[in-house]
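The values are calculated or read from the model by the stated rules, or taken from the named source; none is laboratory data. Predicted model, so just to flag it, every value in this text is computed and none were measured. Note that each Cβ is placed from the backbone with ideal geometry, even for glycine, and that neighbours are counted across all protein chains shown. For the accessible areas, the whole protein counts, side chains as well, though only heavy atoms, and no ligand, DNA or RNA atoms are used. Shrake-Rupley method; radii C 1.70, N 1.55, O 1.52, S 1.80 Å.
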Amino acid sequence: GNSVTQMEGPVTLSEEAFLTINCTYTATGYPSLFWYVQYPGEGLQLLLKATKADDKGSNKGFEATYRKETTSFHLEKGSVQVSDSAVYFCALTLTGGGNKLTFGTGTQLKVEL
Amino acid sequence: GAVVSQHPSRVICKSGTSVKIECRSLDFQATTMFWYRQFPKKSLMLMATSNEGSKATYEQGVEKDKFLINHASLTLSTLTVTSAHPEDSSFYICSARLPDAKNIQYFGAGTRLSVL
């Protein structure tokens, strides 16, 4: 079956530090990959996506590259801010899979001054 | 961006009662909505796909008589937890898909259900 594995949190960083949240996946076909972010008290929001191998998704300073050879989609940001504190979910969906999303467990990020 | 409203945000009920959760797409029509359940430190688990005007499609292991889903209009889907028990306590999240954005779902803020 399909699955997504994320690093466990919480991840605590100082402001302006470099962020990496690891995500690996297993899938029966060729998935599209996503990162969603959930700020406190809000719903999940799409942060970025990539639909094929070697694609790089980017948004708000965050980046993730679809690596087929390592089945990974690690999230990175060069300089985090306190406002980036949230829970980050890696997810995949398969073409023709009814748009069903398979999520990782989520990684909580805490950024401190 | 597209907004999905979920209500209530938190509900506490007695064992044996039924609870209804609403999911509304506020500024777009959603032919398809999804219902998820999230346990502490666990993934969001898809429970069912809700299609306007037809029966919901439930994932394996989800009791359709326990979790009733009604997608009565293009902007509203409801999840009713019938005869709730403490093990039904969880965080329930809905999402809606734009008709022309097949891979993108917009999520509600979730409902925390506590069954006493």
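In this structure, the amide hydrogen of A:Q108, modeled 1.01 Å from its nitrogen in the peptide plane, lies closer than 5 angstrom to those of A:G9, A:V11, A:Y88, counting only residues at least 5 positions away or on a different chain.
Structural descriptor for chain A: relative contact order 36 percent, calculated from alpha carbon pairs under 8 angstrom and at least 6 residues apart. With the convex hull of the Cα atoms taken as the outline of segment A:2-113, the averaged projected area works out to 6.5 nm². With heavy atoms of protein chains only and a 1.4 Å probe, what residues of segment B:89-109 have at least 30 Å² less accessible area in the full set of chains than alone? Flagged in segment B:89-109: B:N103, B:I104, B:Q105, B:F107, B:A109. Per-residue Karplus couplings for segment A:41-50, computed as 6.51 cos²θ - 1.76 cosθ + 1.60 with θ equal to phi - 60°, are listed in order as x, 10, x, 5, 10, 5, 9, 6, 8, 8 Hz, Gly and Pro entered as x. The phi-based Karplus calculation (6.51 cos²θ - 1.76 cosθ + 1.60; θ = phi - 60°) puts the 3J(HN,Hα) values of segment B:6-17 at 10, 8, x, 7, 8, 9, 10, 9, 8, 4, x, 8 Hz, whole numbers, x for Gly and Pro.
Accessible area per residue for chain A is 47 Å², calculated with a 1.4 Å probe on protein heavy atoms, without ligands, DNA or RNA. Heavy-atom accessible area buried between chains B and A is around 1500 Å² (1.4 Å probe, both sides summed).
For segment A:66-113, carbon and sulfur atoms together expose 50% of the accessible surface, with a 1.4 angstrom probe and every protein chain in place.
Applying the Karplus relation 6.51 cos²θ - 1.76 cosθ + 1.60 with θ = phi - 60° to segment B:36-51 yields 3J(HN,Hα) values of 10, 10, 10, 8, x, 6, 10, 5, 6, 10, 5, 9, 6, 10, 9, 10 Hz, where x marks Gly and Pro. The lysines whose alpha-carbon is closer than 17 Å to the alpha-carbon of B:K64, local same-chain residues fewer than 8 away aside, are B:K20, B:K55. With R₀ fixed at 35 Å, the C-beta to C-beta distance from B:D65 to B:D100 puts the FRET efficiency at about 0.55. The lysines whose alpha-carbon is closer than 30 Å to the alpha-carbon of A:K49, local same-chain residues fewer than 8 away aside, are A:K60, A:K68, A:K77, A:K100, A:K110, B:K41, B:K42, B:K102.
Under the rule that a partner needs its Cβ under 4.7 Å from the first Cβ, which Cys of the protein assembly as shown have none? If one checks each Cβ against the other cysteines of the protein assembly as shown, B:C13 turn up with nothing under 4.7 Å. Does the protein assembly as shown come out rounded, prolate or oblate by the C-alpha gyration tensor, with a ≥ b ≥ c the root eigenvalues, rounded set by a/c under 1.5 and, if not, prolate when a/b is larger than b/c and oblate if not? Because a/c hits 1.5 or more and a/b exceeds b/c, the protein assembly as shown counts as prolate. Per residue, chain B exposes an accessible area of 50 Å² to a 1.4 Å probe, with every protein chain left in place.
Size check on chain B: the Cα extents along the three principal axes, sorted descending, read 41, 26, 22 Å.
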